[in-house]
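Below is one structure; the comments refer to it alone.
The values are calculated or read from the model by the stated rules, or taken from the named source; none is laboratory data. These numbers come from a predicted model, not from an experiment. Here the Cβ positions follow ideal geometry from the backbone for every residue, glycine too, while neighbour counts run over all protein chains shown. Heads up: the accessible areas ignore ligands, DNA and RNA and are worked out on the full protein's heavy atoms, side chains in. Shrake-Rupley method; radii C 1.70, N 1.55, O 1.52, S 1.80 Å.
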Amino acid sequence: MLIFLDIETTGLELEDKICSIGIIYVDRDCVKSQYELVNEGKKISPKASSINHITNEMIKDKPKFNECEIYKFLTKHNNQDTTIIGHNVNFDIKKLTASGFVFKGSVIDTLRVSKHLIEDCESYALQFLRYELKLYKDEVDEALLCGIKGDIVSHHALYDSLLVKLLYSYLLDITSKEKMYELSFKHVLIQKFGFGKYEGRYIEEISMCDRGYLEWMLSNIVDLDEDLRYSITYYLQGN
């Protein structure tokens, strides 16, 4: 079984919790979708609400994650034959684990796979790829296939799950599912900074002219992207 999954959270800090979850599952010829709001006892920050458009009033009477229908479904299919596919799936898995669901199957990270297979892309954010790869052209038909009704809305867990499914299909035209499993756990060597004072400049160049800045980043930025951390370390070591 393939489960395309996306979650929205109360914020981006370590202690923040799931507030909504959307899944599209494919089991042979059966394709279905589910979406739920949940309440893990953590208030949604105004910043998070401005992105996912979920308010504390909306989740006030909703169940905890381990009491919702999607949790029951995931638990029923929590085995080695199930693959969860997400964009930056490690974030999703960590939040699921924090809410009591420890996944036993395989995962595919469409974010990391995209970084490996789609070179020189300006951004690998899901919404950017939606337009860069023209995934939006197939949204309506794919939504009907999955039983999803309503307008396509970004940062809505179910509709982002739909985008993940479309992106997976795009990547499947480039490589195999087995290769995606491998690439999901293989670090990406990033060449240029995508943010900060050195945005657009080569990391290798900065490792020679401002080594101290890179060392500072490694020591002080706790939530530094793991591929960026790997790349900075790689260039500092002179590989």
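Label separation (THR75 vs GLU226): 2.7 nm, computed from points 7 Å beyond Cα along the C-beta direction. Normalising the average separation of contacting C-alpha pairs (under 8 angstrom, six or more residues apart) by the number of residues puts the relative contact order of the chain at 19 percent.
Near SER219: Cβ cut-off under 15 Å, other residues only, Lys/Arg at +1 and Asp/Glu at -1. The net charge is -1.
By DSSP, the beta bridges lying fully in the chain are antiparallel in about 70 percent of cases.
For the chain, a Kirkwood radius taken over Cα pairs fed into Stokes-Einstein (25 °C, viscosity 0.890 mPa s) yields D = 128 µm²/s.
With the convex hull drawn around the C-alpha atoms of region 179-218, the volume per residue stands at 87 Å³.
Please grab the % of Cα pairs in region 5-110 that end up more than 22 Å from each other. When all Cα pairs of region 5-110 are counted, 27 percent exceed 22 Å. Which residue fluctuates the most in the chain, going by a Gaussian network model with Cα springs under 10 Å, if the choices are ILE221, ILE51, ILE23? Highest fluctuation among the options: ILE221.
Leaving out ligands and nucleic acids, note down the accessible area per residue over the chain with a 1.4 angstrom probe, in whole Å². Each step should come with its number before you reach the end.
Details: 13060 Å² over 239 residues.
That works out to 55 Å² per residue.
Can you compute log10 of I(q)/I(0) for region 147-222 with the Debye formula, treating each Cα as one identical point scatterer, at q = 0.14, 0.22, 0.23 Å⁻¹? Log10 I(q)/I(0), no solvent term: -0.78, -0.97, -0.99.
Using C-alpha pairs below 8 Å separated by at least 6 residues, the relative contact order for region 144-238 is 23 percent. Carbon-plus-sulfur accessible fraction, the chain (probe radius 1.4 Å, protein heavy atoms only): 49%.
Note on LEU189 and LYS47: the model spin-label points, each 7 Å out from Cα along the C-beta direction, lie 3.4 nm apart. Which links in LYS149/LYS179; LYS149/LYS177; LYS17/LYS94; LYS95/LYS197; LYS60/LYS104 stretch past 21 Å when you go from one Cα to the other? As for pairs spanning more than 21 Å Cα to Cα, those are LYS149/LYS179; LYS149/LYS177; LYS95/LYS197; LYS60/LYS104.
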